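The values are calculated or read from the model by the stated rules, or taken from the named source; none is laboratory data. Since we're looking at a predicted model, the values are computed, not measured. Using ideal geometry, Cβ is built from the backbone for each residue, glycine included, and neighbour counts are taken over all protein chains shown. Note: areas computed on protein heavy atoms with side chains; ligands, DNA, RNA excluded. Shrake-Rupley method; radii C 1.70, N 1.55, O 1.52, S 1.80 Å.
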Amino acid sequence: MKGFAALQAEQRANAFKQANELKAYMEAALAQRLSEVSGASKSVAVDVTLPGSAVPQGRLHPVTQTMDAILACFIPMGFEIADGPELEFEYYNFDALNIPRDHPSRESFDTFFVDAPSPQPQKGRLLLRSHTSPVQIRVMERRKPPLRIVVPGKVFRPDPLDAGHSFMFHQVEGLMVDDRTSFADLKGVLEQFLAALFGPGTKTRFRPHFFPFTEPSAEVDLACASCRGGGCSTCGQKGWVEIMGCGMVHPNVFKAVGYDANKVQGFAFGLGVERIAMLKHGIKDIRLFFENDLRFLEQF
Ligand code: PHE
């Protein structure tokens, strides 16, 4: 209103009149609204029983959930969790596990070698570990028996991608070493684990197999959950699905870590986490785990 002084007398009177009207209108409106608002808090009840608005919640990936469920079965049996590097030396992935250079069994583990000079050439080339078994060696090198460990982790193999294969997947390795661990302990621990994970009464079988780092070795099969042993497309009409490898630790593995193979014995096993999650939930294609489609992930 200060600026009105510059106006001519007639315009000035009019401007003042209009400004005063506007001011009165604003003051009245403000007073009215204030009285409404202060009255509202007294008269409008808040219904605290109405449901709130949902907050979107994140969740753990089904592979992580399955991994946690697997590890949780071994904790009550006295196993502790250990881990090791994904970028590994040839020595730990192969040599120390009784897979010598130029031995044909090395070819059964297709491997991604890393195209960089090895920082420790005496330990061989660098690679992406093709299984979690090298962690057996790393832990035994640092510690004396008795040992009970489970090792979760990622592993890498140059497999062509299809419904059953991925170039990266997860394993859980197990290792138990003391002076008297036997194959009966291996069977007992694994049967207890599978009953805890898949429910009591789950049918399993141990089938002779070969691994360079265990002797004797076995593969463990689970009665196919889709057909309960009758034979269907999930199990390739076999009635059984292979879920893990295992065996008694080979004396050469103990020698590699400086244990006296005459004084200690133990078992080891390795299982594929995606495979278990697929069986548990009836998932037919491993690629679903890595596409991160929320419509898939939200089901777990
Ligand atoms: N490392 C083996 C594999 O990846 C599994 C295994 C682990 C077998 C320990 C025996 C003992 O196929």
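Can you give the convex hull volume per residue for the Cα atoms of region 1-108, as a whole number of Å³?
Cα-based convex hull of region 1-108, divided per residue, equals 401 Å³.
List the pairs from K144/K203; K144/K187; K203/K263; K123/K284 whose alpha-carbon separation is above 29 Å, in the order I gave them. Mind showing how you got there, number by number?
Working: K144/K203 35 Å; K144/K187 24 Å; K203/K263 34 Å; K123/K284 39 Å.
Too far apart for the 29 Å limit: K144/K203; K203/K263; K123/K284.
Taking only C-alpha pairs under 8 Å that are 6+ residues apart, what is the relative contact order of region 80-137 in percent?
Details: 72 pairs, mean separation 27.3, N = 58.
The normalised contact order for region 80-137 reaches 47 percent.
Just to confirm my understanding: which cysteines in the chain have no other cysteine beta carbon less than 4.7 Å from their beta carbon?
C73, C246
Taking +1 at the Cβ of each Lys and Arg and -1 at the Cβ of each Asp and Glu, which of A31, P145, G84 sits farthest along the dipole of region 18-152 towards its positive end, judged by Cα position relative to the Cα centre?
P145
In region 250-281, which trypsin sites (Lys or Arg not before Pro) are in a loop and have at most 10 other Cβ atoms within 10 Å, using DSSP for the loop call? Numbers along the way, then the final one.
On the way: sites: K255, K263, R275, K280; in loops: K263.
Filter output for region 250-281: K263.
Based solely on its DSSP helices, what 222 nm [θ] is calculated for the chain when runs of n ≥ 4 H residues each add -39,500 (n - 2.57) and the sum is averaged over all residues, nearest 500 deg cm²/dmol?
Values: 9 runs with 100 residues, N = 300.
So the helix-based figure for the chain works out to -10000 deg cm²/dmol.
Under 8 Å for C-alpha pairs, at least 6 residues apart: give me the relative contact order for region 227-275, rounded to a whole percent.
Details: 45 pairs, mean separation 16.2, N = 49.
Value for region 227-275: 33 percent.
Please report how far the C-alpha centroid of region 231-300 lies from that of region 7-28, rounded to the nearest whole angstrom.
86 Å
Jot down the per residue volume, in cubic angstrom and as a whole number, of the convex hull over the alpha-carbon atoms of the chain. Working shown, then result.
Numbers: hull volume 94.1 nm³, N = 300.
That works out to 314 Å³ per residue.
How many percent of DSSP beta bridges within the chain run antiparallel, rounded to 5? Please report the intermediate quantities before stating the final value.
Working: 44 of 46 bridges.
Here the share of antiparallel DSSP bridges comes out near 95 percent.
Accessible area of region 21-85 with a 1.4 Å probe: how many percent of it is carbon plus sulfur?
Ligands and nucleic acids excluded, carbon and sulfur give 64 percent.
Under 8 Å for C-alpha pairs, at least 6 residues apart: give me the relative contact order for region 57-204, rounded to a whole percent. Don't jump to the answer; show the numbers that get you there.
Details: 199 pairs, mean separation 35.8, N = 148.
Answer for region 57-204 is 24 percent.
At 1.4 Å probe size, with the rest of the protein present, what percent of the exposed accessible area of region 111-232 is carbon and sulfur atoms? Please list the in-between numbers first.
On the way: 3180 of 5870 Å².
Exposed carbon and sulfur together represent 54 percent of the surface.
What does the accessible area per residue of region 90-186 come to in Å², with a 1.4 Å probe and no ligands, DNA or RNA counted?
For region 90-186, the solvent-accessible area averages 48 Å² per residue.
How large is the dipole of the chain about the Cα centre if only Lys and Arg carry +1 and Asp and Glu carry -1, each at its Cβ, rounded to the nearest 20 debye? Spell out each step's value before the answer.
Details: 33 positive and 34 negative charges, 110 e Å.
Dipole about the Cα centre, nearest 20: 520 debye.
Enter the accessible area per residue of region 205-280 (Å², integer; probe 1.4 Å; all protein chains in place). Please report the intermediate quantities before stating the final value.
Values: 3270 Å² over 76 residues.
Here the residues of region 205-280 average 43 Å² of exposed surface.
Accessible area per residue, 1.4 Å probe, Å², for region 15-85: what's the number?
I get 77 Å² per residue for this part.
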